Amino acid sequence: MWLRTSCNLDFVVHVPTPFILMLRPRSGAHQWVARESYMLKPSVPVVEYTDLYGNLCQRLIAPPGQFSIRTSADVMTSDTIDVCPGAPYNEVQNLPDEVLTYLLPSRYVESEQFFTMANQIVANAAPGYDQVVCISDWIRRSVRFNPASANHYMSAVQVNQQGEGVCRDLAHMGIALCRALCIPARMVVGYLHGLEPMDLHAWFEAYVGGRWYTFDPTQATPRGGRVAVAFGHDAANVAISSQFGPALQPTSMLVAVELLESAPD
């Protein structure tokens, strides 16, 4: 399927402010970016680099006044996600070097505190993919997905105490429970076609059966139509905009995902 994604951000900047943006999807095994548009107003010099997770990042200094970011991309992606019941657990000693980092606790994922809970949740599941399915299903039943929840980052421990959260919070829980079982897990931020209400979305991936698989506790069934923009240990690594100076929140943010009838010209 072909999707047209867009994200428009507006800020009011009071002093020259360094930004790091993470808004460009890149082509890979599961998506192909055929067209992109990336506009800044006013236009300022931008330096792009690739971070430790392979994300495309843009560095700039926003001048005082109104500052807007307009992004759009036409992306070919699958209308389904791969599922593999029974895919085995990978022994830690056999994991690829680059995957090992996703076993460790991180800023919003205190996985060392979830060992007992994780083992209780997956008590009757075969090690590997089936355990992650149990985790995702348990989160969907036990933690309320509330898009209107308080707009601040919560750690997995806080989400467990609160009993509700936005998509990134549920992803933090999934990652923590997986890592507690020595299953590598990472956060993904991007777009999901048909999401209600529409916004940027977060889910998690777990490494089982020798590859990464997608899991989304906010959805009742496995859904495709995803465009990944950023990967990381947790929300600290996948912020679409980071500012260094006075705290800024967008004065407006508009996200859209449109299904295209055919490939773009």
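The values are calculated or read from the model by the stated rules, or taken from the named source; none is laboratory data. Remember, it's a predicted structure, so these values are computed and weren't measured experimentally. Don't worry about glycine lacking a Cβ; one is built from the backbone with ideal geometry, like all the others, and counts go over all protein chains shown.
Below is a table of values for the structure above.
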quantity: Within segment 21-32, considering residues that are surrounded by fewer than 16 Cβ atoms within 10 Å (Cβ to Cβ) and assigned to a strand (DSSP E or B), the one modelled with the lowest pLDDT; calculated: Gly28
quantity: Residue under evaluation Tyr153, criteria (1) in contact (Cβ under 8 Å) with a residue 24 or more places away in the chain; (2) within 20 Å of Tyr207 (Cα to Cα); (3) in contact with a helix residue (DSSP H, G or I) (Cβ under 9 Å, 6 or more places away or on another chain), criterion not met; calculated: (2)
quantity: Among (1) under 13 Å from the mean Cα position of the chain (by Cα); (2) surrounded by fewer than 19 Cβ atoms within 10 Å (Cβ to Cβ); (3) acidic (Asp, Glu) - the single one Glu164 does not satisfy; calculated: (1)
quantity: Single match in Pro18, Pro64 (criterion: at negative phi, loosely packed, with under 15 Cβ neighbours inside 10 Å and touching a Leu at 6+ places or on another chain (Cβ under 8 Å)); calculated: Pro18
quantity: Pro246 of a type outside the set (Val, Ile, Thr), at pLDDT below 95 and touching a Phe, Trp or Tyr at 6+ places or on another chain (Cβ under 7 Å); calculated: no
quantity: Residue match in segment 33-50 (condition: surrounded by 16 or more Cβ atoms within 10 Å (Cβ to Cβ) and closer than 28 Å to Pro246 by Cβ); calculated: yes
quantity: Qualifying residue in segment 186-195 (condition: basic (Lys, Arg) and farther than 23 Å from Val159 by Cα); calculated: no
quantity: Answer residue from segment 114-138, given it is aliphatic (A, V, I, L, M) and either touching a Gly at 6+ places or on another chain (Cβ under 7 Å) or in a helix (DSSP H, G or I) (or both) and is farthest from Ala236 (Cα to Cα) among those; calculated: Ala126
quantity: Residues within segment 155-172 that are in a helix (DSSP H, G or I) and in contact with a strand residue (DSSP E or B) (Cβ under 8 Å, 6 or more places away or on another chain), tallied; calculated: 7
quantity: Within segment 41-71, tally of residues that are farther than 30 Å from Glu261 by Cβ and assigned to a strand (DSSP E or B); calculated: 14
quantity: Wholly enclosed strands (runs of 3 or more DSSP E) of segment 173-265 bearing at least 2 residues more than 18 Å from the chain's Cα centre (by Cα); calculated: 252-260
quantity: Residue identified as of a type in the set (Gly, Ala, Ser), at pLDDT 95 or above, exposed (fewer than 14 other Cβ atoms within 10 Å of the Cβ) and not assigned by TED's automatic domain parsing to the domain that holds Asn55 among Gly194, Gly128, Gly174, Gly190; calculated: Gly194
quantity: Index of the failed condition, Glu91 passing every other in (1) charged (D, E, K, R); (2) free of Cβ contacts under 8 Å to residues at least 60 places away in the same chain; (3) under 14 Å from Trp212 (Cα atoms); calculated: (3)
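Per-residue answers, yes or no, for (1) buried (at least 20 other Cβ atoms within 10 Å of the Cβ); (2) part of a loop (DSSP other than H, G, I, E, B); (3) of a type outside the set (Lys, Arg):
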site: Ala73; (1), (2), (3): yes, no, yes
site: Tyr102; (1), (2), (3): yes, no, yes
site: Glu112; (1), (2), (3): no, no, yes
site: Arg140; (1), (2), (3): no, no, no
site: Tyr153; (1), (2), (3): no, yes, yes
